[in-house]
Structure formats: structure tokens, C-alpha cells
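Here the structure comes first, spelled out in C-alpha cells, and everything after it is commentary.
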Amino acid sequence: MPLQEGVFNHKTGKAEKCTFCYPRVEVGLPTVCAETCVGRLRYIGLLFYDVDKVLAAASVENDTELYEAQLDLLLDPRDPAVVEGARAEGISDEWIEAAQNSPVHALVKDCRVALPLHPEFRTMPMVWYVPPLSPVVDAVSRDGHDGEDVGNLFGALESLRIPVEYLAGLFTAGDTAIVDGVLRRLAAMRSYMRDINLGREPQAHIPESVGMTEEQIYQMYRLLASRNTKSDTSFPPRTPPTGIDSRRPPRNAHWTSTAGPACTSPGRSARPAADPFRSRSRRSTRCASGRPPTRSPGGEPSFPGEPAELGRQGRADRDVPRTE
């Protein structure tokens, strides 16, 4: 379900929006949209930040200073002092390692190509966006120039299909210099990696022109162009059970179809019903032992161990998933 896209929940009778797939996230699985994204454009990761500085960051006087103020909140998970403080707060080494390998931290803090949405609202959002580098190669090549040359790409940024001013209104409270810097880094990565992919000698001055190193350019390329979905969307479960793989159901769990459980046998656990109507229908034709009922001469189902004269009301009281 896309973010902000409403959907009607037939079980609760209410309209709902994106819940960030919290049942999956709590057991260490990425959201469905991140895992199934065709373009592999969605990243999920951990960010360590100083909660005591949030109010001060959200209270800066100028809107254009909010982006830098929010960046200052983010802590370096590789800093020994931060690691020591995280352990003192009860954060496990598994979570610390996940924060150190977080693709979101790399794009936001290291590469500085991901921006928050409407920081002027002062909500300190933790959903970040990489501005699009509109197709400019064809426009440059049409005039007979090398569309992949870094100088030509930098010059074409002023004539993008999506104006820089519009992007600045979305991500930086109108500060075009920040957006221009992000687009220049993306263009530099494109030009630098073209030489490597074509077997040419890489040009070290390209990363230097945007304040990055060759290693940082390659790291950004790996994140954006040769992404590994498993490593770039994985994080530890929130409450991992001891000795149990939280990504798999217990071996003694009795799973049924998406219609939900019928009645469970002794020693087996029940899963919440996904469809209450089908679940009730199934339960009405199954007994507690999991065996189908027999039918009396009158056509009514007769369950083992119950009087034949038991009416519908008596069976309705029993139509509840139980675990013995």
C-alpha cells in the first residue's frame, strides 16, 4: 500500500493508511514496497540521532537552516563515543552494526544526496528523498556535445526538465544551492563511473570538483546503481525471541490459507484471521480436533461429543479460535 494511499479494512470497518509494515519491520523484514520495488529505489536503514537536540534543531530561526540543523542531529555510528553511549542505553551490538551498515545513513550523511521533505514544517522528518537527475544527456548530445562529459553535465543542470527552484521548494525550504550541490554530485558520479565502465583511466578531479573522494563516489554508485536489495533493506528484529529464528514460523504452528484458522488442535497456535467471513464459515464446518463434522439426518452438522439437540446458539459460543 503506497504511503498516504487510503485503503478500506474490511475487518475493522475503517479506512487506513500506510503502517510502514510494522509486523514485518518488528521481525527484521523490510517493508513490502521496499522488497518488491521494481526499480529498487526504496531503502530502509537505521539512523542514530541525539534526541536532546531535536527541539533546538526544529527551532532555528531561518527555514533554510533546518536542513543543516537536522543533519547535525545524526550521530556517526562508527564513532567509539557513540558506540559506547548506545551500549549504555541498552542498544545491542546487532543494532549498532546495522546502523553502521545503514544505506540511509550513507546517502544522507556521508554522500549528502538524500534530502528531507518540506523541512520548513519543522517536523524533523526521517523519510529522505534523492532528487531526480532529469534526462539531460540527450539534450546535450543533440547539440553535438558529449552528453556524459562532467563539464557539459554541470552546465546542463540549469536547464533540467524539473526546475531546481521547484526541487528546492520540496526539499530545502527554497535553498537552491543545496539542491544544486546534490545534482552536481549525482552528475559527477555518472561521469566518473562511465570512464571506469568503459575501461578508461578514471579522472580523480571529477570527485574533487564536488568535494568527494573517489572511494565515496564508488560507494554512492554501489548504493544507487548496483544495489543489493538484501543488504540495503535488512536490519535486526526489534524483539528477537531467544533461540528462535523470528523470520520463520514456529514448527508447531498450524498455518491455514489466507482465510484464517479454523479450529486448532491441542498444542497448536492460532493465527489471527485475515478474512473474518471466510474464517467463520470455515470454523462452522470444523470441530476442535480439526476433523470435519458429520451430518445428522436433519442436515445439521453434528460435532463429536456434543448433544444432537445443541442449537446454533450453542455452536456460536464455540466458534472462537482456541489454544489448548
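The values are calculated or read from the model by the stated rules, or taken from the named source; none is laboratory data. In this text the structure is predicted, and so the values were computed from the model without any measurement. In this analysis, Cβ positions are derived from the backbone assuming ideal geometry, glycine residues included, and neighbour counts consider all displayed protein chains. Accessible surface areas use protein heavy atoms only, side chains included; no ligands, DNA or RNA. Shrake-Rupley method; radii C 1.70, N 1.55, O 1.52, S 1.80 Å.
Descriptive notes on the structure:
- Residue match in segment 157-164 (condition: small (Gly, Ala, Ser), out of contact with any Lys or Arg (no Cβ under 7 Å at 6 or more places or on another chain) and either open to solvent by 50 Å² or more (accessible area, probe 1.4 Å) or modelled with pLDDT of 95 or more (or both)): yes
- Boolean, Ala88 is small (Gly, Ala, Ser) and at pLDDT 95 or above: no
- Look at segment 207-235: where a residue is closer than 19 Å to Thr36 by Cβ and charged (D, E, K, R) and a partner is modelled with pLDDT of 70 or more and part of a loop (DSSP other than H, G, I, E, B), sitting 6+ places away or on another chain with Cβ atoms under 7 Å, you get Arg227/Arg40; Asp232/Tyr43.
- Residue in segment 126-146 that is part of a loop (DSSP other than H, G, I, E, B), modelled with pLDDT under 85, open to solvent by less than 70 Å² (accessible area, probe 1.4 Å) and under 22 Å from Gln219 (Cα atoms) present: yes
- For Arg222, the conditions (1) open to solvent by 70 Å² or more (accessible area, probe 1.4 Å); (2) outside any loop (DSSP other than H, G, I, E, B); (3) modelled with pLDDT under 90; (4) over 30 Å from Leu29 (Cβ atoms) all hold with the exception of (4).
- Note on segment 190-219: residues that are closer than 23 Å to Val164 by Cα, in a helix (DSSP H, G or I) and not aromatic (Phe, Trp, Tyr) amount to 7.
- Selection from segment 58-88 of residues that are of a type in the set (S, T, N, Q) and under 26 Å from the mean Cα position of the chain (by Cα): Gln70
- The helices (runs of 4 or more DSSP H) found entirely in segment 13-112 that carry 2 or more residues being open to solvent by less than 70 Å² (accessible area, probe 1.4 Å) and touching a residue at least 60 places away in the same chain (Cβ under 8 Å) are 54-58, 66-73, 93-100.
- Taking (1) surrounded by 14 or more Cβ atoms within 10 Å (Cβ to Cβ); (2) at pLDDT below 90 in turn, Asp175 satisfies each apart from (2).
- Ala187 vs. criteria assigned to a loop (DSSP other than H, G, I, E, B) and open to solvent by less than 40 Å² (accessible area, probe 1.4 Å): no
- Residues in segment 1-59 that are among the small types (Gly, Ala, Ser) and more than 25 Å from Arg122 (Cβ to Cβ): Gly6, Gly13, Ala15, Gly28, Ala34, Gly39.
- Filter result for the condition that a residue is over 31 Å from the mean Cα position of the chain (by Cα), of a type in the set (Asp, Glu) and at pLDDT below 85, over Asp149, Asp195: Asp149
- All of (1) modelled with pLDDT of 55 or more; (2) surrounded by fewer than 14 Cβ atoms within 10 Å (Cβ to Cβ) hold for Arg227 with one exception: (2).
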